[in-house]
Amino acid sequence: MRRGIYLLEEVEFHPMNSRRPLEYLRWLTGYKREDDRMEAGAPRLTEGLSIRSKEIDLVGAFYAVGISGHPQFKVVTLWDCHGGWDGGWRQMVEIYDDVQQNLFLSDIDDLRFSAYSRPLGAAPGSPAVADLLSEGYAAPLYLFESAQVRPGAALDYLAAVQEERAPILADHGHRLVGAYEVQFCDSEVVTLWGTDIDSHLELQRSRDAALGLDDGVPADHRLLSWRKRARAYLEGPWRENLLSPYPGSKLAPNQP
């Protein structure tokens with residue numbers, strides 16, 4: 001048993017050309033479907049497509065829902081490093097050994113404006129994405145949380161999320177997909193939840209009702225209690241946004 005290692009990447013596209021994220025998603029999911037047919041343990045550093053590997057698994061490719069607070073336009077991707085640190089992660093790090101020329105060649109030069117990557121370590125008890133995929137799980141909408149916690153409190157916060165928050169959100173149609181400690185720092189966490197539009201709206205209205213701002217639905221005061229509880233762990237920004245899975249993504253309900 002070893003901890004799951006993942007990579008989260010946020011890619012932005014400027015100037016605002018709405019076809020750029022679509023072109024990127026098509027390119028990315030297309031060549032990674034080809035990588036799924038590669039032999040295990042046989043990575044290749046190529047010109048144009050960087051590293052080709054079965055162990056670096058694109059499990060989630062999402063178009064960020066801009067109206068939920070994302071910069072527009074943005075794509076978020078989630079990669080499962082099969083074999084953990086010694087597997088897919090090692091393969092990614094090895095492409096920087098000796099800084100070879102083809103490391104700097106890409107088929108998507110000038111398509112992206114910026115990319116921000118965060119290595120993630122699964123918290124104890126976090127679902128394994130591979131298990132979810134084996135189950136056939138996929139959701140039409142995902143909730144993406146990023147939070148800054150007190151130094152050293154990341155795993156404590158994620159334990160509280162699983163023990164206390166996950167049952168509450170489950171009652172509102174949200175399923176925990178991953179609870180992650182951001183690596184190489186001690187003060188950042190990420191969680192990912194699968195849901196759907198109706199459940200998203202029901203959750204928001206239940207919270208409003210608990211605040212006395214909606215008398216048309218039942219109030220769930222547990223939602224407010226959790227936010228107060230969470231503040232015991234938080235030290236900086238906390239934000240949630242919505243992600244829509246691209247059809248070529250493994251966590252999307254409609255596979256091509």
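The values are calculated or read from the model by the stated rules, or taken from the named source; none is laboratory data. Quick caveat, the model's predicted, so the values are computed rather than measured. We place every Cβ from the backbone using ideal geometry, glycine too, and count neighbours over all the protein chains shown. Only protein heavy atoms, including side chains, enter the accessible area calculation; ligands, DNA and RNA are left aside. Shrake-Rupley method; radii C 1.70, N 1.55, O 1.52, S 1.80 Å.
Look through 157, 137 and report the one residue that is surrounded by 14 or more Cβ atoms within 10 Å (Cβ to Cβ), in contact with a strand residue (DSSP E or B) (Cβ under 6 Å, 6 or more places away or on another chain) and among the aromatic types (Phe, Trp, Tyr).
The unique qualifying residue is 157.
Which residue out of 18, 106, 114, 50 is within 25 Å of residue 188 (Cα to Cα) and open to solvent by 20 Å² or more (accessible area, probe 1.4 Å)?
114
Against the condition in a helix (DSSP H, G or I) and among the hydrophobic types (A, V, I, L, M, F, W, C), how does residue 201 come out, does it pass?
Spelling it out, residue 201 is indeed in a helix (DSSP H, G or I) and among the hydrophobic types (A, V, I, L, M, F, W, C).
Has the range 56-67 got at least one residue that is surrounded by 15 or more Cβ atoms within 10 Å (Cβ to Cβ), modelled with pLDDT under 95, in contact with a Cys (Cβ under 9 Å, 6 or more places away or on another chain) and within 25 Å of residue 22 (Cα to Cα)?
yes
Can you pull out every residue in the range 145-154 that is in a strand (DSSP E or B) and open to solvent by 10 Å² or more (accessible area, probe 1.4 Å)?
146, 148
Does the range 185-197 contain at least one residue that is without any contact (Cβ under 8 Å) to a residue 24 or more places away in the chain, open to solvent by 40 Å² or more (accessible area, probe 1.4 Å) and of a type outside the set (A, V, I, L, M, F, W, C)?
Taking every residue of the range 185-197 in turn, none turns out to be without any contact (Cβ under 8 Å) to a residue 24 or more places away in the chain, open to solvent by 40 Å² or more (accessible area, probe 1.4 Å) and of a type outside the set (A, V, I, L, M, F, W, C).
When you look at residue 217, is it of a type in the set (A, V, I, L, M, F, W, C), in contact (Cβ under 8 Å) with a residue 12 or more places away in the chain and over 21 Å from residue 25 (Cβ atoms), yes or no?
yes
Quick check on residue 236: is it of a type in the set (Gly, Ala, Ser), farther than 30 Å from residue 36 by Cβ, free of Cβ contacts under 8 Å to residues at least 12 places away in the same chain and not in a helix (DSSP H, G or I)?
No, not satisfied.
Run down 214, 186 and say which single residue is modelled with pLDDT under 95 and outside any helix (DSSP H, G or I).
Of the residues listed, the single one that is modelled with pLDDT under 95 and outside any helix (DSSP H, G or I) is 186.
How do the pairs read when you match residues in the range 65-87 that are of a type in the set (Lys, Arg) with residues anywhere that are in a loop (DSSP other than H, G, I, E, B), using Cβ under 9 Å and keeping only pairs 6 or more apart or on different chains?
74/13
Please find, within the range 231-256, the residue that is nearest to residue 80 (Cα to Cα) out of those that are surrounded by 18 or more Cβ atoms within 10 Å (Cβ to Cβ) and of a type in the set (A, V, I, L, M, F, W, C).
Step by step, filter the range 231-256, then rank; the result is 251.
Mind counting the residues in the range 208-226 that are surrounded by 13 or more Cβ atoms within 10 Å (Cβ to Cβ) and of a type outside the set (Gly, Ala, Ser)?
The total comes to 8.
Given the conditions (1) at positive phi; (2) within 21 Å of the chain's Cα centre (by Cα), report the number of the one that residue 152 does not fulfil.
Of (1) at positive phi; (2) within 21 Å of the chain's Cα centre (by Cα), only one is false for residue 152: (2).
Looking at the range 21-47 only, could you name the residues that are surrounded by 18 or more Cβ atoms within 10 Å (Cβ to Cβ) and modelled with pLDDT of 80 or more?
Listed by number, the residues that qualify are 21, 24, 25, 28, 29, 32.
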